[in-house]
Amino acid sequence: MNEKIIVALDLRGFDNILRVVDSLKQAVWFKVGAVNFTAYGIRLIEELKNRGKKVFLDLKYHDIPNTVKGAVYEAAHMGVDMLTIHSIGGCAMMKAAADAVREFEEKEGKKGPMILAVTVLTSMDESSLKNDMFINDSVENTVLRLAQNAMKSSINGLVASAKETVMLREKFGDYFTIVTPGIRPSWASKQDQKRVTTPSDAIRFGSNYMVIGRPIYEAVDPAEAFEKIRKEIEDVDAR
Ligand code: C5P
């Protein structure tokens, strides 16, 4: 069950980050996002890999296919285990990302990262889809259509909210590996998250992995918080 919890390292300061990582001996996965990758780069990835941890690099690539292909190849080379791209970047871009992993695996003889497509950011709603992106459709339909594009482009991972996960499982069954943020154990504060799901519900709804940040790294005892979450999901039938 430890493998299902991805700890988001959104706290600041290189030493602070490593202190949290070292206090979480039982944690397998850590997520590095744009803020800390911009600040600490490959150094942070190397520190995690040297500790035998798995790395989810959440940089949400969105560029011309050739550039995304190159970035995904370099991420694979860095030893990243999971990464994100924007499905809105199009099928050619997503296919180029998938090609990069295939080429890496063929050339290096090692397993490459899993690619997760981001569909509609949870910061967007129907009016931002319409006014900012000129998409005249509901958020739900847009998520499904972008997921369909990801599937057509040989991408088999998605980032999705718990609510979207239910809908995606109905439509695509077990095809996608689904990673879900916005998770709050019943004992933790919601902070700025609006629509939250408990860890056990996330598993029930069909998530394969959950991303959890502040409830773990801001806890007085992060290892204890991690352990409570692990216990909560232990008894749920997982995919
Ligand atoms: O601290 P907290 O558990 O809220 O952190 C959640 C993590 O998941 C953060 O890194 C946040 O950026 C990310 N995330 C999210 N909601 C999304 C996509 C990503 O909270 N829709």
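The values are calculated or read from the model by the stated rules, or taken from the named source; none is laboratory data. Keep in mind that this is a model prediction, so the values were computed, not measured. Every residue, glycine among them, receives a Cβ derived from its backbone with ideal geometry; neighbour counts consider all protein chains shown. Note: areas computed on protein heavy atoms with side chains; ligands, DNA, RNA excluded. Shrake-Rupley method; radii C 1.70, N 1.55, O 1.52, S 1.80 Å.
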Rounded, prolate or oblate: which fits the chain when a ≥ b ≥ c are the square roots of the eigenvalues of the alpha-carbon gyration tensor, with rounded for a/c under 1.5 and prolate only if a/b beats b/c?
oblate
With the contact rule set at Cα under 8 Å and sequence spacing of 6 or more, what percent relative contact order holds for segment 39-83?
51
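Checking the table Lys190/Lys228; Lys60/Lys95; Lys49/Lys163 against a 22 Å threshold on Cα-Cα, which pairs fail?
Lys49/Lys163
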Using Cα-Cα distances under 8 Å and only pairs 6 or more residues apart, what relative contact order does the chain have, in percent?
19
Against the rule of thumb 2.2 N^0.38 Å, how large the Cα Rg of segment 129-225 comes out:
1.22
Relative to the Cα centre, what is the charge dipole magnitude of the chain, using +1 at the beta carbon of each Lys and Arg, -1 at the beta carbon of each Asp and Glu, and rounding to the nearest 20 debye?
80
If the elastic network links every pair of Cα atoms under 10 Å, which of Asp22, Asp132, Asp221 fluctuates the most in the Gaussian network model of the chain?
Asp132
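So if I place +1 on the C-beta of Lys and Arg and -1 on the C-beta of Asp and Glu, and nothing else carries charge, what would the dipole magnitude of segment 1-74 be about its Cα centre? I want it in debye, nearest 20.
Result for segment 1-74 is approximately 200 debye, rounded to the nearest 20.
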In the chain, which longest range has no chymotrypsin sites (Phe, Trp or Tyr not before Pro) that are both DSSP loop (not H, G, I, E or B) and surrounded by at most 15 other Cβ atoms within 10 Å?
1-133
Who wins for biggest fluctuation among Ser207, Ser161, Ser189 in a Gaussian network model of the chain, springs between alpha carbons below 10 Å?
Ser189
Would you mind telling me the share, in percent, of accessible area of segment 16-104 contributed by carbon and sulfur at probe 1.4 angstrom?
53
Only helical DSSP H runs with n ≥ 4 go in: add -39500 (n - 2.57) per run for the chain, normalise by residue count and round the 222 nm mean residue ellipticity to 500 deg cm²/dmol.
-15000 deg cm²/dmol
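Just flag the trypsin sites (Lys or Arg not before Pro) in segment 99-183 sitting in loop per DSSP whose Cβ has no more than 10 other Cβ atoms within 10 Å. Mind dumping the intermediate values first?
Numbers: sites: Arg102, Lys107, Lys110, Lys111, Lys130, Arg145, Lys152, Lys163, Arg169, Lys171; in loops: Lys110, Lys111.
For trypsin sites (Lys or Arg not before Pro) across segment 99-183 that sit outside H, G, I, E and B with at most 10 neighbouring Cβ atoms in 10 Å, the list reads Lys110.
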The alpha-carbon center of segment 88-162 and that of segment 177-221 are separated, in whole Å, by 22
Accessible area per residue, 1.4 Å probe, Å², for the chain: what's the number?
48
